[in-house]
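S.K.: Below is one structure. I have some questions about it.
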């Protein structure tokens, strides 16, 4: 039997079709004050994928415009921008309470053969040798702020095992690099489009936080404001989310109250499955003198 959390996530990703290119989705509260960005990203990609036949998404570029309200449905309007001989392009606008909260452009491609190369997967301990992130969180929860606890104590449909255990109680400054294994809690259907939409969903976890590491900042600090501004993703090869994937992230730059992060997602056998990039708000609020 499928894990209940994973089953619920698939339900959230299964949109109601209102018209040919109009869809509606529901939300889940993951403990944050707004809809989780990965959810809107995954749902928008599901809407776009539903209008394309015989082609898989290979890239997407998205902007988060307004906070989403998880108590109200989100409507996704798809624009069939182009269907060419090998590529299809879709634009998606997410609307809530009469305003745009998110937009996405995605490109789809027919299967083609071509030259093949990739960066090697970094050497990290296997997931069996690492502790589950939820277990590590539980040991720290009593000492964290209420805002951090509301997010971290929520159960997830994915299991995460970091190569470098986090410490939200430390102000130690570390290089902006980390690696974390993840997989879905249960078997998923053999549906490539679903796997790619769920990969978009989970790619928003553990990405922007990487930019905190060089500054001794920790998630959930009262004086810290963080929010995703945009998200880009490239799908290179097929990968199953019910098998272990390694997410290697780094942050090349932070300036102007914005942080830039990027990631590489590898399958357990070392294939580069996808790449990500994200810029987000990272504002340290100081009290007026």
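The values are calculated or read from the model by the stated rules, or taken from the named source; none is laboratory data. Worth saying up front: this structure is predicted, and the values here are computed from it rather than measured. Here the Cβ positions follow ideal geometry from the backbone for every residue, glycine too, while neighbour counts run over all protein chains shown.
S.K.: Please enumerate the residues belonging to region 106-122 that are surrounded by 17 or more Cβ atoms within 10 Å (Cβ to Cβ) and either assigned to a loop (DSSP other than H, G, I, E, B) or free of Cβ contacts under 8 Å to residues at least 12 places away in the same chain (or both).
M.R.: The answer is 121, and nothing else.
S.K.: Quick check, is residue 133 modelled with pLDDT of 95 or more and under 20 Å from residue 198 (Cα atoms)?
M.R.: Criteria not met by residue 133.
S.K.: Report, by residue number, each residue of region 75-93 that is over 23 Å from residue 192 (Cα atoms) and in contact with a helix residue (DSSP H, G or I) (Cβ under 7 Å, 6 or more places away or on another chain).
M.R.: The answer is none; no residue qualifies.
S.K.: For residue 27, state whether it is surrounded by 15 or more Cβ atoms within 10 Å (Cβ to Cβ) and over 20 Å from the mean Cα position of the chain (by Cα).
M.R.: no
S.K.: Please enumerate the residues belonging to region 83-105 that are in a strand (DSSP E or B) and farther than 17 Å from residue 234 by Cβ. Lay out the reasoning, then the answer.
M.R.: Quick first cut of region 83-105, residues in a strand (DSSP E or B) only: 83, 87-96, 99-105.
83, 91, 92, 93, 94, 95, 96, 99, 100, 101, 102, 103 - these are the residues of region 83-105 that are in a strand (DSSP E or B) and farther than 17 Å from residue 234 by Cβ.
S.K.: How many residues does region 155-212 contain that are closer than 17 Å to residue 260 by Cα and in a loop (DSSP other than H, G, I, E, B)?
M.R.: So the count comes out to 8.
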